[in-house]
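First comes the structure, then the notes that go with it.
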Amino acid sequence: MSLRFEWLADHLQHSDTYAAWIHRQFHYEYAEQPLADWQREFAEGQTNGDWRCLIALDGDRLLGGAALARADLALRPDLGPWLACVLVSPESRGQGLAARLIEGIAEEAKKRGLPRFYLHTQSKQDYYAKRGWTVLERFHAWGNEQWLMVRDL
């Protein structure tokens, strides 16, 4: 395995695939947004700063990614930036890739001089709590309980 971490902006041939993974995994968030619209928004987000995404590659095979998003929760436009779009392909899970991607995004946020960043999750609060995130609040969205979390950088 020749694992490497790269910015999606430098490998845009993977953008539509990754956007489709996100659209499918977090379908409840994208119920109102057609896949093609999300793919276009996500691809544009690689250059305009809305969805700066770090990806894990094995050769040219996409394994997963995570994004530093300008805005990721319409209910909280006052907060940001966000850790978003964290996803590792099912066959690549269990190797610590998500943790490495998250740390890559944290490093990028630190480089930008950001004091903290946020995330929201429906079920992975324990995973994030073990990695330095604290719960700010719980809220209801997309028909389920959600967790809003923060991590100081």
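Structure notes:
- In a reduced charge model with +1 at each Lys and Arg Cβ and -1 at each Asp and Glu Cβ, the range 22-101 shows a dipole moment near 260 debye about its Cα centre.
- Using the average count of surrounding beta-carbon atoms within 10 Å as a protection proxy, the listed peptides 146-153, 84-91 rank, highest first, as 84-91, 146-153.
- If the chain linking N144 and D126 were pulled fully straight, counting 0.36 nm for each residue of separation and taking away their Cα-Cα distance, it would gain 4.8 nm.
- Near V86, the amide H atoms lying under 5 Å from its own belong to A67; only residues 5 or more places off or on other chains count, and H is placed 1.01 Å from N.
- For Cα extents along the principal axes in Å, computed directly from the structure shown, the correct entry in [x] 44, 41, 28; [y] 40, 33, 30; [z] 65, 33, 27 is [y].
- Positive-end residue of W133, A36, L75, charge dipole of the range 1-152 with Cβ unit charges: W133
- Per DSSP, loop chymotrypsin sites (Phe, Trp or Tyr not before Pro) in the range 41-96 with at most 10 further Cβ within 10 Å: none
Read-outs: derived from the displayed coordinates by stated rules, not from any lab. In this text, all values refer to a predicted model and were calculated from it rather than measured experimentally. Cβ: placed from backbone, ideal geometry, glycine included. Neighbour counts: every protein chain shown.
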